[in-house]
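Dropping the structure in here first, questions after.
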Amino acid sequence: MEDKEIRKRVVKYIRKKIAGLPNPEMAITFADVVIIDRSSRVGSRSDIRKDSKGLVTELTKSIRLNIPIVSANMADVTESAMAISLARKGGLGFIHQFMSIEKRIAQVKKVKRADNEVIESPYRIKPSATLKDALDFMAKCKTSGLLVVDDSDVIVGILTSRDVDFKKYQPEERLRKILVTEVMTKKVITAPANISVKEAITILEEHKIEKLPLVNEENKPVGLITAKDVVKKYQFPFAVRDRRGRLLVGASVGLAVKFLEEVSALTEAGADVILLDTARANAFRVAEAVAAIKKNFRNIQLIAGNVDNPEGARLLIDAGVDAVKVGIGPGSACKTRVETGVGCPQLSAVTECVAVAGEIPIIADGGISDGGEFAKAIVAGAKSVMLGSALAGTDESPGRIYSDKKEKFKIYRGSASLDFQLDRLEDGSLDDVRAPEGESRRISYKGAVGPIIETFINNLCSSMSYADAMTIEELRGRKFRYQTRSGFEEGMPKK
């Protein structure tokens, strides 16, 4: 698409989307507009939550989410704990790229093992292993049970927390003398590999057991169904899962020398979508990397970013991405615009990229601190919103909780902040420190992330009820009205 055609489409889309805007070339952000209220058929926001399809959206061309929220691939926001919690709510977390590929692989695997309809590779141990070996293995893998198999991989027992609850407190020397075969449960209830989950539940209830190994005709384990995972399926009805019942998770890579090897390793570990992330994706080097990834991994779902204009979005789309991440400088810990003078206010950036994206989903990344901005990003045309600081400071975000004068807090660092760059320099993941384009600061400890996600979703549903939208797609079709600074201030709480 030529630049002239791009600008033509942008101007047409903005004139249609924003009433009263003096000039379609103006760069504006969330505070500059309001969503136009409409006569609504929506009874209440709870009506939207009751409809399982109301908040469904596209993350990429092939991946659908049940809520339009993804977590930022930042070192102080997303590792496995955040990704698990968000996926159970219906969104998706992106494991950040600022750690070794081995650690990223481990993080992805933690998410994929957190919930399972059927665990396809249950952990195994030999009957000749010591109880100390078994306990160490269970602690390392964070599992409450191991299948015991002989040298031919035939199941001969099962070792669960019930078998070791009292024995594990014995002295280490004693644990080294006790063999797994002495304490394991030898009478194992099993089921064929093709059993349905409903049939498995019946067996679990009938025999009052928590784990049901699935075996082939040779009595070799090929899977495992646990009562815990069955309960999770009903406990988290909006969770996003793959065809095997596992939670969805994304993983991030940068433009490292071995980025193709990293993509291969992360997809092999189970990552459902790859994010190629760089501060400035409107570059031929990034487009070439996108093309190389899509050439070598044809079935992969690939997101790339960040860009802040339609030309950048089209560059990535033409290279083959399945979604584009938009935003340069709107994040609360980012100061790219201050330090470089480059960037575009986020509402204009999102709107202009949507204007030329066609069927490729746009992810609005940055500048979202409250429900109003969240809803406006969707009305602008984004199909999902990436949250960073809003999710930081929670139990699920990485990092220690500190205390100072009765205040609890965590540290939140922009990916280009001096503090974070120095940490990367120390661990060897960065060769040199560049001029900082981010900040490091305290962020108040917020507790569990679940209520925060629920607040954003409830606010979004309220916006949808005002805008007469029963679905995310309907909300994307609604319009804005330009407002003055005085109009914005009028809508703020008064002291």
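The values are calculated or read from the model by the stated rules, or taken from the named source; none is laboratory data. Owing to the predicted nature of the structure, the values given are computational and were not obtained by experimental measurement. Ideal geometry is used to build each Cβ from the backbone, glycine not excepted, and the neighbour counts take in all protein chains shown. Heads up: the accessible areas ignore ligands, DNA and RNA and are worked out on the full protein's heavy atoms, side chains in. Shrake-Rupley method; radii C 1.70, N 1.55, O 1.52, S 1.80 Å.
Select, from G43, G91, G20, the only residue that is open to solvent by 50 Å² or more (accessible area, probe 1.4 Å) and either polar (S, T, N, Q) or touching a strand residue (DSSP E or B) at 6+ places or on another chain (Cβ under 6 Å) (or both).
Among G43, G91, G20, only G20 is open to solvent by 50 Å² or more (accessible area, probe 1.4 Å) and either polar (S, T, N, Q) or touching a strand residue (DSSP E or B) at 6+ places or on another chain (Cβ under 6 Å) (or both).
Can you tell me which condition N73 does not meet? The list is (1) surrounded by fewer than 22 Cβ atoms within 10 Å (Cβ to Cβ); (2) part of a loop (DSSP other than H, G, I, E, B), and all the others hold.
The single condition N73 does not satisfy is (1).
Which residues, taken from the range 337-355, are among the β-branched types (V, I, T), assigned to a helix (DSSP H, G or I) and surrounded by fewer than 23 Cβ atoms within 10 Å (Cβ to Cβ)?
V338, T340
Could you grab the pairs with beta carbons closer than 6 Å, sequence gap of 6+ or different chains, first residue in the range 345-364 and under 17 Å from A375 (Cβ atoms) and in contact (Cβ under 8 Å) with a residue 60 or more places away in the chain, second one of a type in the set (S, T, N, Q) and in a strand (DSSP E or B)?
I363/S384
If you don't mind, another one. Looking only at the range 371-393, decide whether some residue is of a type in the set (V, I, T), assigned to a loop (DSSP other than H, G, I, E, B), touching a helix residue (DSSP H, G or I) at 6+ places or on another chain (Cβ under 9 Å) and crowded, with 20+ Cβ neighbours inside 10 Å.
The answer is no; no qualifying residue exists.
When D153 is evaluated against the numbered criteria (1) closer than 30 Å to M82 by Cα; (2) touching a strand residue (DSSP E or B) at 6+ places or on another chain (Cβ under 8 Å); (3) surrounded by fewer than 19 Cβ atoms within 10 Å (Cβ to Cβ); (4) touching a residue at least 40 places away in the same chain (Cβ under 8 Å), which criterion, by number, is the only one it fails?
Only one criterion in (1) closer than 30 Å to M82 by Cα; (2) touching a strand residue (DSSP E or B) at 6+ places or on another chain (Cβ under 8 Å); (3) surrounded by fewer than 19 Cβ atoms within 10 Å (Cβ to Cβ); (4) touching a residue at least 40 places away in the same chain (Cβ under 8 Å) is unmet by D153, namely (1).
I need the full set of residues from the range 225-265 which are under 23 Å from T278 (Cα atoms) and either basic (K, R) or not in a loop (DSSP other than H, G, I, E, B) (or both), in order please.
Within the range 225-265, G250, A251, S252, V253, K258, F259, L260, E261, E262, V263, S264, A265 meet the criteria.
Now for a different question. Kindly check whether there is at least one residue in the range 309-332 that is assigned to a loop (DSSP other than H, G, I, E, B), over 21 Å from the mean Cα position of the chain (by Cα), under 20 Å from F374 (Cα atoms) and modelled with pLDDT of 95 or more.
Yes: one or more hits.
Here's the yes/no breakdown for (1) surrounded by fewer than 24 Cβ atoms within 10 Å (Cβ to Cβ); (2) closer than 20 Å to G358 by Cα; (3) touching a helix residue (DSSP H, G or I) at 6+ places or on another chain (Cβ under 7 Å); (4) free of Cβ contacts under 8 Å to residues at least 24 places away in the same chain:
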residue	(1), (2), (3), (4)
I274	no, no, yes, no
N282	yes, yes, yes, no
A287	yes, yes, yes, no
N296	yes, no, yes, no
N299	yes, no, no, yes
A304	no, yes, yes, no
D308	no, yes, yes, no
A313	no, yes, yes, no
V321	no, yes, yes, no
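Pull up the range 441-494, narrow it to residues that are in a helix (DSSP H, G or I), in contact (Cβ under 8 Å) with a residue 24 or more places away in the chain and of a type in the set (S, T, N, Q), then point me to the one that is nearest to I401 (Cα to Cα).
T455
Would you check if there is a residue in the range 362-384 being at pLDDT below 95 and over 27 Å from M82 (Cα atoms)?
Looking through the range 362-384, none of the residues is at pLDDT below 95 and over 27 Å from M82 (Cα atoms).
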